[in-house]
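Colleague: Quick one: the structure is below, questions incoming.
The values are calculated or read from the model by the stated rules, or taken from the named source; none is laboratory data. Because the structure is predicted, anything quoted here is derived from the model rather than measured. Backbone-built Cβ (ideal geometry, glycine too); neighbour counts: all protein chains shown.
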Amino acid sequence: MASIHNHHYHVLQLVLSCRKITAQVTNTTNSSIIAMASSSEREFLAHYRSVLNRFPRSHRFWNAKVASRVGEKLGSRLREIGITGVQIDVNEELSRPLHYRTMVSPLFGSVQRAGVRVSGADDLPSF
């Protein structure tokens, strides 16, 4: 009798808009969100307000530095619950516009520096 190996992966997904960046890790077996971090959290409120009141106005409210901090938060939350590895959909990341890809790449680095391996991040071009 062959044994059935139940492979369940943790997938890191990003939701991007001009106002915020949200990173969430889901379990593929039941599609539940395991951990999440977003630039709309309280920690980022001061930065959001400063960008909102800046002149000339910008239509982008987050940058690579904010993405990196979101990655740090997500990485620490994943480590707290014992997740040591996640994977990304490389094709989805490559389909993003170039200006989003350059701002998102520090997020993956921050998650890895927090001690969580990001499978597929090495396949993305570095900027």
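Per-residue answers, yes or no, for (1) in contact (Cβ under 8 Å) with a residue 60 or more places away in the chain; (2) assigned to a helix (DSSP H, G or I); (3) not small (G, A, S):
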position	(1), (2), (3)
G75	no, yes, no
V86	yes, no, yes
H99	no, yes, yes
V104	yes, yes, yes
G109	no, yes, no
Q112	no, yes, yes
S126	no, no, no
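Colleague: Hey, could you check the stretch 10-38 for residues that are assigned to a loop (DSSP other than H, G, I, E, B) and either among the basic types (K, R) or modelled with pLDDT of 95 or more (or both) and say which is nearest to E72 (Cα to Cα)?
Modeller: Checked the stretch 10-38; the qualifying residue nearest to E72 (Cα to Cα) is K20.
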